[in-house]
1. What do you reckon, is Ser45 touching a Phe, Trp or Tyr at 6+ places or on another chain (Cβ under 8 Å) and small (Gly, Ala, Ser)?
2. So, in segment 98-157, exactly how many residues are in a strand (DSSP E or B) and basic (Lys, Arg)?
3. Quick one: how many residues across segment 128-144 are in contact with a Phe, Trp or Tyr (Cβ under 8 Å, 6 or more places away or on another chain) and either surrounded by 16 or more Cβ atoms within 10 Å (Cβ to Cβ) or not hydroxyl-bearing (Ser, Thr, Tyr) (or both)?
4. In the set Glu94, Glu149, Glu103, Glu123, which member is touching a strand residue (DSSP E or B) at 6+ places or on another chain (Cβ under 9 Å) and at pLDDT below 95?
5. Would you check if there is a residue in segment 82-89 being assigned by TED's automatic domain parsing to the domain that holds Ser170, within 20 Å of Lys132 (Cβ to Cβ) and buried (at least 18 other Cβ atoms within 10 Å of the Cβ)?
6. Kindly provide the set of residues from segment 158-176 that are part of a loop (DSSP other than H, G, I, E, B) and in contact with a Ser or Thr (Cβ under 9 Å, 6 or more places away or on another chain), ordered by number.
7. Looking at segment 18-70, which of its residues are of a type in the set (A, V, I, L, M) and either farther than 19 Å from Tyr125 by Cβ or without any contact (Cβ under 8 Å) to a residue 24 or more places away in the chain (or both)?
Amino acid sequence: MIRKFKQLSREIVDTNVIFQYCKDQVELPDGKVEEYIACVHKGASAVVPVLPDGRILMVKQYRYAIDRETLEIPAGGRNSTDEPFEAAAKRELEEETGYTTDEELTHLITIATAIAYCNEIIEVYVAKNLRKTEQHLDPDEFIEIEPYEIADLVKMIREGRIQDSKTIASLMSYIAIIP
């Protein structure tokens, strides 16, 4: 059995709206002490929004870090660690797509996005019985929405046109539960 590492100290190097950047002194199972870097995240939520005809509502946006446009499911960070994941999912759904639902969301999967250096968890939900409202984009968001057939999305994943890990994991998980 692999033994747990023991955190001896933590220095918060930087804090921003997305995460805290920390340097930790860690005792390894063999007693050696090493420095580890950790990004501490509030957690995030994502939604697979299913229209009445079965198509999936997707968001298209430019992502600065990879310098290109992406096709993704709606998602975003929780406002605080106290915000329920489902509430964040409903908020992001309406903010990014201009759709909401009065129904409870169905939990689909939990994703740990970058386990080597970050504790971010994304809780993914399925939203059905959507009704149109209006987008409430953040000032730095420029998003287009478009519905897609699930078969077309799978083809785009296989062709490498969709590379976002939360989107791939979520869509492939959703396919597994479609009746």
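1. Numbers: touching a Phe, Trp or Tyr at 6+ places or on another chain (Cβ under 8 Å): yes; small (Gly, Ala, Ser): yes.
Answer is yes for this residue.
2. Step one: list which residues in segment 98-157 are in a strand (DSSP E or B), which gives 99-100, 106-112, 118, 121-127, 131-132, 144-148.
If we keep only those that are basic (Lys, Arg) as well, we get 131-132.
Total satisfying the criteria: 2.
3. 4
4. Numbers: Glu94 fails: at pLDDT below 95; Glu149 fails: at pLDDT below 95; Glu123 fails: at pLDDT below 95.
Criteria check complete, one pass: Glu103.
5. Among the residues of segment 82-89, at least one is assigned by TED's automatic domain parsing to the domain that holds Ser170, within 20 Å of Lys132 (Cβ to Cβ) and buried (at least 18 other Cβ atoms within 10 Å of the Cβ), which makes the answer yes.
6. Ile162, Gln163, Asp164
7. Across segment 18-70, the qualifying residues are Ile18, Val26, Leu28, Val33, Ile37, Ala38, Val40, Ala65, Ile66.
Conditions tested, residue by residue: (1) assigned by TED's automatic domain parsing to the domain that holds Val124; (2) farther than 23 Å from Phe142 by Cβ; (3) hydrophobic (A, V, I, L, M, F, W, C); (4) surrounded by 11 or more Cβ atoms within 10 Å (Cβ to Cβ).
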site: Lys23; (1), (2), (3), (4): no, yes, no, yes
site: Gly31; (1), (2), (3), (4): no, yes, no, no
site: Tyr36; (1), (2), (3), (4): no, yes, no, yes
site: Pro52; (1), (2), (3), (4): yes, yes, no, no
site: Arg55; (1), (2), (3), (4): yes, no, no, yes
site: Met58; (1), (2), (3), (4): yes, no, yes, yes
site: Ala65; (1), (2), (3), (4): yes, no, yes, no
site: Arg68; (1), (2), (3), (4): yes, no, no, no
site: Leu71; (1), (2), (3), (4): yes, no, yes, yes
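The values are calculated or read from the model by the stated rules, or taken from the named source; none is laboratory data. Keep in mind that what you see is a predicted model, and the values were worked out from it rather than measured. When we count neighbours, we look across all protein chains shown, and the Cβ atoms used for this are built from the backbone with ideal geometry, even at glycine.
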